[in-house]
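See structure below.
None of the figures in this text is laboratory data; all of them are computed from the coordinates on show. On a predicted model such as this, the values are computed, not experimentally measured, just so you know. In this analysis, Cβ positions are derived from the backbone assuming ideal geometry, glycine residues included, and neighbour counts consider all displayed protein chains.
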Amino acid sequence: MPVEESFRGSRYEAVVLETDGGRTKIRFTSFTEEEAEWVPTNSLRPPPPTPPGGEGRNPNAWAAKLRVGSLVEMYADGGWWDVLVGEMSTPRFTREVSYLCRSPNSGDEHEVTASYLRPRWEWRPAYSQWATLHDGAVYSLLMTVQPPPVADVAYISVTVVAPRAMQKGETLRCALPNGSFFQLPISGNIAAGTPLSCKVPQKAPPPQPVRFLIVPPGMGYGAKVTALSPNGHVAHVGVPPAAPP
């Protein structure tokens, strides 16, 4: 998509209205007066994840690792812009770190706090994966796969022993390991010690989503990948050996 020189290096949030082959109709959320427009679908990308450590009480904790020369994105004029951290200072009264950021494209400078910054995420369309370099580590986003729906009720096999001689038509109150009880009807006359088997319905636990990580290119067996969940939680994953052919 052609980019005006004044907007080069910036990214804006948009809502998808319609798709048609290789193009998508969008409306920018930052420019409410602008009409919807068609853009190439491959020029779009999903919203980036929460910064590393963003699941804690301090969503800007990741910025403590920034250094002079770090490439980040800065929020300004309704969009996110590529900038380089030039200087960092801590005012005496607020004690909140300020970052002097410089655009590598225009040379413009802005002094902002960490709440206006986020990591410079790279979207890898071939892998449908986000990645970023932060504090010397490569972060890759954990992708979530929702499991297929399952029945609300599951049946478990239970075997109990008759505590006494029982007659047809009686019921035996039985306890399950989870503390619940069920009534077992006796279908015939039985002696004490007779084993009785049945299937008991139980509420099935909800299926848990499965998360997977696409290993970044160039990382071999034994390498450590810093994985990032969508809420910013960090985990370290070792690259397993390749599966045999």
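If the reach is capped at under 26 angstrom between alpha carbons, list the lysines near LYS65, excluding any in the same chain fewer than eight residues apart.
LYS65 reaches LYS224.
Calculate, in nm to one decimal, what VAL161 and THR113 gain on full extension: separation in residues at 0.36 nm each, minus their alpha carbon distance.
Value of the extension gain: 10.3 nm.
I want to check the label-to-label distance for LEU71 and LYS25. Put each point 7 Å from Cα in the C-beta direction and report it in nm to one decimal.
Modelled inter-label distance: 3.6 nm.
Given R₀ = 51 Å, what would the calculated FRET efficiency be for ILE186 paired with VAL237, taking r from the Cβ atoms and rounding to 0.05?
It comes out at approximately 0.40.
Can you give the FRET efficiency to the nearest 0.05 for TRP123 and GLU87, using r as the Cβ-Cβ distance and R₀ = 25 Å?
0.30
Apply the Karplus parameterisation 6.51 cos²θ - 1.76 cosθ + 1.60, with θ equal to phi minus 60°, to every residue of the range 158-169 and state each ³J(HN,Hα) to the nearest whole Hz, in sequence, with x for glycine and proline.
Karplus values, whole Hz, x for Gly and Pro: 10, 10, 10, 10, 4, x, 7, 5, 10, 10, 4, x.
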